[in-house]
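Notes follow the structure.
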Amino acid sequence: EFRFKTASGDWKWILSTGKIVEWDDQGRPLRMLGTHTDITELKTASLEISRLLAESQRRLERIETLRAIDVAISSNYDLKQTLDVILKETITHLQVDAAAVLLYHEEEQIFKHADSLGFQTDYIQKTRENQEGVVAAQHDKWGEVVDLALVEPTGFDPLFVRMMQEENFQQYYAISLTSKGKLIGALELFIRQPFEVDDEWRNFFKTLAGQAGVAIENAQLVNGLQIANLELLQAYDATIAGWSMAMDFRDKETEGHTQRVTEMTLALARLLGMPEDQMEHIRRGALLHDIGKMGIPDAILLKPGLLTDEERAIMQTHPKMAYDMLKSIEFLRPALEIPHLHHEKWDGTGYPYGLKGEEIPLPARLFAVIDVFDALTSDRPYRPAWPKEKTLAYLQEQSGKHFDPEVVKQFLSII
């Protein structure tokens, strides 16, 4: 197949089919027998089909790109990963050499470099570290493709011009990123070898920018919620620490008790193989284990002698008081097993419900051992502290009665 120019100047596609029928003495072909067929119409149709197929394939790839960003929007709320997806897909399917995302900081009214890909130097970070304005945002209409060749580059500083030269960029395009009518940032494209851009390319750039704006805003919103949630958790934990400290201050004889039993409880929980994601609940439960005593009168809580039966009955209401105080706080519900049930006993003679054996949650069972150990080895108004050896002997004696035997065994192995 070849193209042939006719005498009238038209180009025809010709299909030649034949064979050599005569050779010279050196074996070179002299004559050929065959036909020449005009296949212009067929070839034109074939080329059009190939063009349409290539165009369809390119559009499919671009749809897949938008889908990839959709997935980033719906399944990934990490801003850095979202920006990485946007830049990678942009460079691949717009066939540019480098791209950068700038984020707009409304409070300061400046743009800052957020992420970039395809650069050989770090100029892009320096020139976009703190920009009062960029061409894409200064343009009359947000969301329109801006070609550097068609505008006055008033928003560019000398460093940017130097970067264009150092990176050997020949073309630059930019577009503002918006979401729900709000300016989010800008997407910049850089090209080293100039090529023609058509309306389809520009329209895809606009569509890509629209998706990118939504993805970035979603990631920023989630990131803000995560920061707010972290601050809220810190405030909760500070409140819990304050409550436990208040209990220690109120009951001077047990000062420091809460911190000690919390540290030992976490160590024993890890030794027993409890999941790491439960450790924070166990820590909070240990810190709050005596919070119910806030409802016990000072005359009973701080009494220097032994309690009467009636006073003991009042004292034994403090686990239920703890539960009633905290159950409405959803954040603390996973931590209530220790303050609510750490006075239950393995043989079912504990309080407030007389639970037995493994009916008692494991965090409460292991805390019970540690709580008694620390209480017996500390001075009380009604008795001096026990020696460590006597306390350990008591724990062994109460194994299978007051305490879970396996928990006692593991506790003794680390104490």
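Remarks
- Matching option when the condition is β-branched (Val, Ile, Thr) and farther than 28 Å from Glu397 by Cβ, among Ile338, Ile291: Ile291
- Among the residues making up region 106-130, those that are under 22 Å from Ala219 (Cα atoms) and either part of a helix (DSSP H, G or I) or modelled with pLDDT under 60 (or both) are Gln125, Glu129, Asn130.
- When region 86-105 is limited to residues that are touching a residue at least 60 places away in the same chain (Cβ under 8 Å) and either of a type in the set (Ser, Thr, Tyr) or in a loop (DSSP other than H, G, I, E, B) (or both), the one that is most open to solvent (accessible area, probe 1.4 Å) turns out to be Gln95.
- Qualifying residue in region 295-308 (condition: at pLDDT 90 or above, in a helix (DSSP H, G or I), surrounded by fewer than 21 Cβ atoms within 10 Å (Cβ to Cβ) and over 30 Å from the mean Cα position of the chain (by Cα)): no
- Helices (runs of 4 or more DSSP H) completely within region 329-414 that count 2 or more residues being more than 26 Å from Thr239 (Cα to Cα): 362-376, 388-397, 405-414
- Here Glu276 meets each of (1) open to solvent by 70 Å² or more (accessible area, probe 1.4 Å); (2) touching a residue at least 40 places away in the same chain (Cβ under 8 Å); (3) charged (D, E, K, R) with one exception, condition (2).
- When region 321-347 is limited to residues that are open to solvent by 80 Å² or more (accessible area, probe 1.4 Å) and not aliphatic (A, V, I, L, M), the one that is farthest from Met247 (Cα to Cα) turns out to be Glu330.
The values are calculated or read from the model by the stated rules, or taken from the named source; none is laboratory data. Just so you know, these numbers come straight off a predicted model, no measurement behind them. Neighbour counts run over all protein chains shown; Cβ positions are idealised from the backbone, glycine included. Areas reflect the complete protein model, heavy atoms only, side chains present, ligands, DNA and RNA absent. Shrake-Rupley method; radii C 1.70, N 1.55, O 1.52, S 1.80 Å.
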